[in-house]
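These notes are about the structure you will find just below.
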Amino acid sequence: MTRNFLLALFAVIISAVLIFPQGSAPGSFDKSPNLSPKYQKNFDIRAQWDLELTFNINTATGAAGNAGAEFDGTYLYTTRWASNLIHKYDMAGNLVEEFSIPGVTGLRDLAFDGTYFYGGAAANTIYQMDFVTKTLVGTIPSPVAVRFIAYDEDNDAFWCGTWSDTPTLVSRTGTNLGSFVTGLTGQYGAAYDNVTPGGPFLWIFDQGTTGACPGSLMIIQYEISTGSATGLAHDGCADLTDGIAGGLFSTVDYVAGKFSIGGVEQSNSGLDDTFFIYEVGDAGPPVGPGPATDPVPANGTNDVDINQDISWSNPAGATSIEVLFGPAGNLTSVYSGAPITTFDPGELGYNTTYGWKVNETDGTGTTNGPTWAFTTMQDPLLITLFMDDFEAGTGNYTITTANGCPWAVIPISSRSYTLPPTAQGNAFASDADLCGSSGGGSSSTAVLNTPIDATNYQSVAVEWDNDWQAINSADFAYLDVSVDGGTTWTNVVTFDETDVRNTHEYYDISSMVGTQSFILRLVTIQPAWDWWWAIDNLQVTGWDFVPVELSSFAANTSNGNVALNWTTASETNNKGFEVQRSNGGEYQTLGFVQGNGTSTQQHSYAYLDQNVVNGNYSYRLRQVDFDGSSEYSQVVEVSVNNPVEFSLAQNYPNPFNPSTKINYALKVDSKVSLKVFDILGQEVAALLNENIAAGAHNVTFDASKLNSGVYLYKIEANGVDGSSFTSVKKMILTK
């Protein structure tokens, strides 16, 4: 193909009507000045359409039905339209891994934003997936069915559509940002192009009206700002086997300095689905200083503190940067200016996924950074009081059926339920459709057997994944709660003839059940043949915990020791207790006893104040929360009196290694000598030789320098009243 012929092609413009939603205006798809293309200098569209790579996907994976395609800069990927399988290859087309994403199946095309993969299954849902952790990150509702999808990095949005739809730009919140008409009838794949001068462009992979060559493998470039075909196109029938269109992607990373288009050709015979990558032109050197690196928190980090700062490393030569931050899928610019390496986003929400990226600029242009994400910690005060994913059957409920089909656990994959992707395995359903016309529909009630204890929570909520499909005005569904064992019921929500499908329902029921025990029931009334109420992941959570409730606090004395004991009936955010003592003056802190955080169970605590001299004492507890707030307990008072006699206790532990404790008591103030002897009677240590006040005492003996064996310890006490006391005991050192 000659350069003159290409120039002639570029002169051909296919007229198209550009459709904008209300409030949009021509030019709304122009690139942001802060989001310039990664490659643009010295671009040369030669459109040679030289094949850089082809391989038979059927041979590599062992099966047909391959449709989606994408490249993340390191690995190639394909998906199957009739299964949940995803395949990963190296850059030479060798199979590396086969895997699936729970909750995702039938992906037709793929897109990649530098962090996550996105795809659709020809329905109105965009799936956001992490191919590293093999998890579904989230979903985005789409105003159009998603057979083809391409990530628009300049608008942080997705071009979506199917067959003859107008390609529609869908935001991360599901908003229609605009569309244009192609006039094509077999659109299957799409690739975004902000590399070719004059863009941005959208490449469409079209299989035409016949699904046969020639014309079933057309890759066509469209100018987004006008909605017109540029005249640059290629018919893959010229160098691929006879087939139809599949997924499509564009890249500048497969061959350095080259702009390439890749995708999947689906075989009509089902024997040789082909992965291909074409060289389209020279991309030239990249612009900008390069991407930011070293994100903190690292991409994909969970349980992040809500006061976490974000930080990163800038490439050498960056003269300015832009930081974008926000809930995942809704990033906004939060800083633009001289390079910084740390940003404080303020206090974040609990259990929320946040995304962020840093765009780096120098004299040549801007490098758009990858999108990183992290998820914050769960609210420590939010407690799950009840959860049922229905994998263990119906044992939690008493089920009564007046007519037709009872509530039952039903595999989601066996029915046409439309539930959020978090619904997995089994659903709990009252499904009149399973009974047929002979069942006469369904009227069934499921009542929770065991009450949910919310007595320590002032705020309570119930939530579940939901699919309510009614057929007419006679159909109803109810969720009710009762705080008196089922004598009376309070309605939480009623569904009528209006379908409520593919939703996650959430209701604050604090005013109905807060600080009480309660049961709930599910009721469905569907007198016609169809259809069902199916739920999954029924959960009750509580918060605003009743503060730490101290049910008892007592003190007892023995031989100069004061034993403190206390019990809590419930705790909220309890870090622990400071133990404080006063003998008539200021309170002094003696120690700290760790608490149990947030708990609805009873907990018992103890603290021993040893060797307290004679006198009257007051004790109190200072209960401390994790946020630093505190409150004091009531005061307990004790009197500590002298022992009524001299005594020397057996050391503990015994045998010991290398130290042990020796307790003794003095009935009056005394001159005390305490010595240790070996078995031959030779003195090996002098522990005491001093005047000591009456009361209970102890001393620690460290025998680390002595050999194993039997030793004797002897006390001699001469009281101020003329009394005296001598005692000898044996101890054993074992090393």
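Here are the criteria: (1) at pLDDT 90 or above; (2) within 30 Å of S647 (Cβ to Cβ); (3) not in a strand (DSSP E or B). Tell me which single one E586 does not satisfy.
(2)
Can you tell me which residue is nearest to the chain's Cα centre (by Cα) among those in segment 589-617 that are modelled with pLDDT of 90 or more and of a type in the set (A, V, I, L, M)?
V593
Take the residues in segment 79-95 that are assigned to a strand (DSSP E or B) and closer than 23 Å to T251 by Cα; name whichever of them is farthest from the chain's Cα centre (by Cα).
That would be L95.
Cβ-Cβ below 7 Å, separation at least six or inter-chain, first residue in segment 70-99 and without any contact (Cβ under 8 Å) to a residue 60 or more places away in the chain, second small (G, A, S) and assigned to a loop (DSSP other than H, G, I, E, B): which pairs?
Within 7 Å, the pairs are R80/G65; W81/G65; W81/G106; A82/G65; A82/G106; S83/G65.
How do the strands (runs of 3 or more DSSP E) wholly within segment 476-527 filter down when requiring 1 or more residues that are modelled with pLDDT of 95 or more and in contact with a Ser or Thr (Cβ under 8 Å, 6 or more places away or on another chain): which remain? So that I can check it myself, show each step before the final result.
Values: elements: 476-482, 490-495, 500-508, 517-526.
Counting at least 1 such residues, we get 476-482, 490-495, 517-526.
Can you name every residue in segment 293-318 that is modelled with pLDDT of 90 or more, of a type outside the set (V, I, T) and assigned to a loop (DSSP other than H, G, I, E, B)?
P297, A298, D305, N307, Q308, D309, N314, P315, A316, G317, A318
For segment 273-289, does any single residue satisfy the condition of being in a loop (DSSP other than H, G, I, E, B) and in contact with a helix residue (DSSP H, G or I) (Cβ under 6 Å, 6 or more places away or on another chain)?
yes
With the structure loaded, tell me whether F158 is surrounded by 23 or more Cβ atoms within 10 Å (Cβ to Cβ), assigned to a strand (DSSP E or B), under 25 Å from the mean Cα position of the chain (by Cα) and not assigned by TED's automatic domain parsing to the domain that holds T367 or whether it fails that test.
It is true that F158 is surrounded by 23 or more Cβ atoms within 10 Å (Cβ to Cβ), assigned to a strand (DSSP E or B), under 25 Å from the mean Cα position of the chain (by Cα) and not assigned by TED's automatic domain parsing to the domain that holds T367.
For the condition in contact with a Leu (Cβ under 9 Å, 6 or more places away or on another chain), at pLDDT below 90 and in a loop (DSSP other than H, G, I, E, B), what is the one hit in S216, S225?
From the options S216, S225, the qualifying one is S225.
Quick one: in segment 268-278, of everything that is within 16 Å of G93 (Cβ to Cβ) and not aromatic (F, W, Y), which residue is surrounded by the fewest Cβ atoms within 10 Å (Cβ to Cβ)?
Within segment 268-278, the match that is surrounded by the fewest Cβ atoms within 10 Å (Cβ to Cβ) is D272.
Name every residue in segment 102-138 that is on the phi < 0 side of the Ramachandran plot and basic (K, R), in order of residue number.
The one that is on the phi < 0 side of the Ramachandran plot and basic (K, R): R108.
Name the single residue that is modelled with the lowest pLDDT among those in segment 398-414 being assigned to a strand (DSSP E or B), closer than 20 Å to Q526 by Cα and not small (G, A, S).
N403
Give, as residue ranges, the strands (runs of 3 or more DSSP E) completely inside segment 625-686 that count at least 1 residues that are polar (S, T, N, Q) and surrounded by 15 or more Cβ atoms within 10 Å (Cβ to Cβ).
In segment 625-686, 659-666, 670-678 are the strands (runs of 3 or more DSSP E) which contain 1 or more residues that are polar (S, T, N, Q) and surrounded by 15 or more Cβ atoms within 10 Å (Cβ to Cβ).
Please work out if T572 is of a type in the set (S, T, Y), surrounded by 18 or more Cβ atoms within 10 Å (Cβ to Cβ) and over 30 Å from A693 (Cβ atoms).
Considered against the rule, which asks whether it is of a type in the set (S, T, Y), surrounded by 18 or more Cβ atoms within 10 Å (Cβ to Cβ) and over 30 Å from A693 (Cβ atoms), T572 comes out as yes.
Quick one: which residue in G263, G270 is in a loop (DSSP other than H, G, I, E, B) and closer than 17 Å to I57 by Cβ? Before the answer, list the steps.
Values: G263 fails: in a loop (DSSP other than H, G, I, E, B).
Selected residue: G270, the only one of G263, G270 that is in a loop (DSSP other than H, G, I, E, B) and closer than 17 Å to I57 by Cβ.
Only one of P339, P345, P380 is assigned to a loop (DSSP other than H, G, I, E, B) and in contact (Cβ under 8 Å) with a residue 60 or more places away in the chain; which?
P380
Please work out if A150 is touching a Phe, Trp or Tyr at 6+ places or on another chain (Cβ under 7 Å), more than 27 Å from V358 (Cβ to Cβ) and not in a loop (DSSP other than H, G, I, E, B). Can you show your working first?
Working: touching a Phe, Trp or Tyr at 6+ places or on another chain (Cβ under 7 Å): yes; more than 27 Å from V358 (Cβ to Cβ): no; not in a loop (DSSP other than H, G, I, E, B): yes.
The answer is no for A150.
Just a yes or no: is a residue in segment 217-229 within 17 Å of A69 (Cα to Cα), aromatic (F, W, Y) and surrounded by 22 or more Cβ atoms within 10 Å (Cβ to Cβ)?
No, segment 217-229 contains no residue that is within 17 Å of A69 (Cα to Cα), aromatic (F, W, Y) and surrounded by 22 or more Cβ atoms within 10 Å (Cβ to Cβ).
For the condition more than 26 Å from D379 (Cβ to Cβ) and touching a residue at least 40 places away in the same chain (Cβ under 8 Å), what is the one hit in W566, W543?
One residue alone meets the criteria, W566.
Of the conditions (1) at pLDDT 90 or above; (2) in contact with a Lys or Arg (Cβ under 9 Å, 6 or more places away or on another chain); (3) surrounded by fewer than 23 Cβ atoms within 10 Å (Cβ to Cβ), G199 clears all except one; give me its number.
Status for G199: all satisfied but (1).
Could you pull out the residue among Y632, Y605, Y652 that is under 30 Å from I715 (Cβ atoms) and of a type outside the set (A, V, I, L, M)? Write out each step before concluding.
Numbers: Y632 fails: under 30 Å from I715 (Cβ atoms); Y605 fails: under 30 Å from I715 (Cβ atoms).
Step by step, each of Y632, Y605, Y652 is checked, and only Y652 is under 30 Å from I715 (Cβ atoms) and of a type outside the set (A, V, I, L, M).
Determine which single condition Q526 fails, assuming it passes every other condition in (1) in contact with a helix residue (DSSP H, G or I) (Cβ under 7 Å, 6 or more places away or on another chain); (2) surrounded by fewer than 17 Cβ atoms within 10 Å (Cβ to Cβ).
Single failed check for Q526: (2).
So T341 fits all but one of (1) among the polar types (S, T, N, Q); (2) closer than 25 Å to Y118 by Cα; (3) surrounded by 13 or more Cβ atoms within 10 Å (Cβ to Cβ); what number is the exception?
(2)
Does T541 fit the bill of being at pLDDT 90 or above and either of a type in the set (F, W, Y) or not in a loop (DSSP other than H, G, I, E, B) (or both)? If you could, list the steps in order and put the result at the bottom.
Values: at pLDDT 90 or above: yes; either of a type in the set (F, W, Y) or not in a loop (DSSP other than H, G, I, E, B) (or both): yes.
Yes: the conditions hold for T541.
Restricting to segment 233-247, name every residue that is at pLDDT 90 or above, surrounded by fewer than 24 Cβ atoms within 10 Å (Cβ to Cβ) and either part of a loop (DSSP other than H, G, I, E, B) or touching a helix residue (DSSP H, G or I) at 6+ places or on another chain (Cβ under 9 Å) (or both).
Answer for segment 233-247, where residues must be at pLDDT 90 or above, surrounded by fewer than 24 Cβ atoms within 10 Å (Cβ to Cβ) and either part of a loop (DSSP other than H, G, I, E, B) or touching a helix residue (DSSP H, G or I) at 6+ places or on another chain (Cβ under 9 Å) (or both): just A233.
Check G363 against each of (1) at pLDDT 90 or above; (2) closer than 30 Å to I321 by Cα; (3) crowded, with 16+ Cβ neighbours inside 10 Å and name the one condition it does not meet.
Here G363 meets the rest and fails (3).
Being small (G, A, S) and either touching a Leu at 6+ places or on another chain (Cβ under 7 Å) or assigned by TED's automatic domain parsing to the domain that holds G106 (or both) narrows it down to one residue among S333, S414; which is it?
Numbers: S414 fails: either touching a Leu at 6+ places or on another chain (Cβ under 7 Å) or assigned by TED's automatic domain parsing to the domain that holds G106 (or both).
Of S333, S414, the one residue that is small (G, A, S) and either touching a Leu at 6+ places or on another chain (Cβ under 7 Å) or assigned by TED's automatic domain parsing to the domain that holds G106 (or both) is S333.
Just for segment 696-731: of the residues that are hydroxyl-bearing (S, T, Y) and in a strand (DSSP E or B), which one is surrounded by the most Cβ atoms within 10 Å (Cβ to Cβ)? If you could, list the steps in order and put the result at the bottom.
The first filter runs over segment 696-731 and keeps only residues hydroxyl-bearing (S, T, Y), leaving 700, 704, 708, 711, 713, 723-724, 726-727.
Narrowing the set further to residues that are in a strand (DSSP E or B) leaves 700, 711, 713, 724, 726-727.
On the way: T700: 10, Y711: 21, Y713: 23, S724: 12, T726: 12, S727: 14.
Checked segment 696-731; the qualifying residue surrounded by the most Cβ atoms within 10 Å (Cβ to Cβ) is Y713.
The values are calculated or read from the model by the stated rules, or taken from the named source; none is laboratory data. A quick note: this is a predicted structure, and the numbers were derived from the prediction, not measured. Please note: Cβ atoms are built from the backbone with ideal geometry, for glycine as well, and neighbour counts cover all protein chains shown.
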